[in-house]
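A short worksheet on the structure shown next.
The values are calculated or read from the model by the stated rules, or taken from the named source; none is laboratory data. Model, not experiment: these values are computed from the prediction. Here Cβ is always computed from backbone atoms with ideal geometry, including for glycine, and neighbour counts include all displayed protein chains.
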Amino acid sequence: MALMRPMNQPFVGPLYMDGDEVGEAYQKAFDMILNHPELQNWKYVLTVEQDNLPPQMGLMKLYESIEKGFDVVAGLYWTKGTDGQPMIYGNPAVMPRNFVPQVPQPDTLQHCNGLGMGFNLWSIESLKTKLAQLDKPWFKTVQEPGKQFTQDLFFYNSAAKYGWRCACNTSVRVGHIDSDGFIW
């Protein structure tokens, strides 16, 4: 909660989602926001997962980034472990569409096909308009033979059909803390 915030702008939160499977928790959170008489008219929603440590200026940098025509922007963080990978998936210029981890380019706004959702700024207007046709759930963890998605890549795979644009601001470096207290 030490994030720098824009002056003279309303800010509600945090709103905690606890006890559900992660995909269900995201769906409940977004449904609640999009059906709330006041919050549905706000400009953005910020998601921060409990094991992510964003930098103090992270939110301000995401504000600047999303205004460049994106539906969602994220800070850069890595999966946990010695074999960790950057959670910035797929190059939109490469076909067929994929979710292969990209090598982060230093201090830039890097377009991608999908992101981890641990520190993301979402356009509420994009959620309401671009995804109005998308069947729910928007977020779902799928673990079937030959088909595996975490809730984030399940979302991005579906949302792409509706022109969803996302990017990672690689100058926003987010720590990802494990149960032993090690920050990746």
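Taking Ala159, is it in a loop (DSSP other than H, G, I, E, B) and at pLDDT below 95?
no
Take the conditions among the β-branched types (Val, Ile, Thr) and within 16 Å of the chain's Cα centre (by Cα) and apply them to Val73. Does it pass?
On the way: among the β-branched types (Val, Ile, Thr): yes; within 16 Å of the chain's Cα centre (by Cα): yes.
Yes.
If only one of Asp83, Asp135, Asp71, Asp107 is of a type outside the set (S, T, N, Q) and farther than 25 Å from Asp51 by Cβ, which one is it? Walk me through how you get there before you give the answer.
On the way: Asp83 fails: farther than 25 Å from Asp51 by Cβ; Asp71 fails: farther than 25 Å from Asp51 by Cβ; Asp107 fails: farther than 25 Å from Asp51 by Cβ.
Going through Asp83, Asp135, Asp71, Asp107 in turn, just one is of a type outside the set (S, T, N, Q) and farther than 25 Å from Asp51 by Cβ: Asp135.
How about the range 11-66: which of its residues are among the polar types (S, T, N, Q), within 14 Å of the chain's Cα centre (by Cα) and closer than 22 Å to Val172 by Cα? It would help to see each step written out before you state the result.
The initial filter retains those residues of the range 11-66 that are among the polar types (S, T, N, Q), namely 27, 35, 40-41, 47, 50, 52, 56, 65.
Still in the list and also within 14 Å of the chain's Cα centre (by Cα): 27, 47, 50, 52, 65.
Once the filter is applied, which keeps residues that are among the polar types (S, T, N, Q), within 14 Å of the chain's Cα centre (by Cα) and closer than 22 Å to Val172 by Cα, the range 11-66 yields Thr47, Gln50, Asn52, Ser65.
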Margin query: Given the condition within 14 Å of Gly23 (Cβ to Cβ) and surrounded by fewer than 20 Cβ atoms within 10 Å (Cβ to Cβ), answer yes or no: does some residue in the range 159-176 qualify?
Written below: no
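Scan the range 1-45 residue by residue and report those that are assigned to a loop (DSSP other than H, G, I, E, B) and touching a Lys or Arg at 6+ places or on another chain (Cβ under 7 Å). Even if it seems obvious, please write down each step before you answer.
Pass one, the range 1-45, residues assigned to a loop (DSSP other than H, G, I, E, B): 1-21, 36-38, 42-43.
If the condition is that a residue be assigned to a loop (DSSP other than H, G, I, E, B) and touching a Lys or Arg at 6+ places or on another chain (Cβ under 7 Å), then Phe11, Met17, Asp20 are the ones that fit.
What are the residues in the range 109-143 that are among the acidic types (Asp, Glu) and under 25 Å from Met95 (Cβ atoms), if any? Lay out the reasoning, then the answer.
Keep residues of the range 109-143 that are among the acidic types (Asp, Glu), which gives 125, 135.
Result: Asp135, single match.
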Note to self: Filter the range 1-52 down to the residues that are among the basic types (Lys, Arg) and either closer than 20 Å to Ile177 by Cβ or in contact (Cβ under 8 Å) with a residue 24 or more places away in the chain (or both) and list them by number.
What the structure shows: Arg5, Lys43
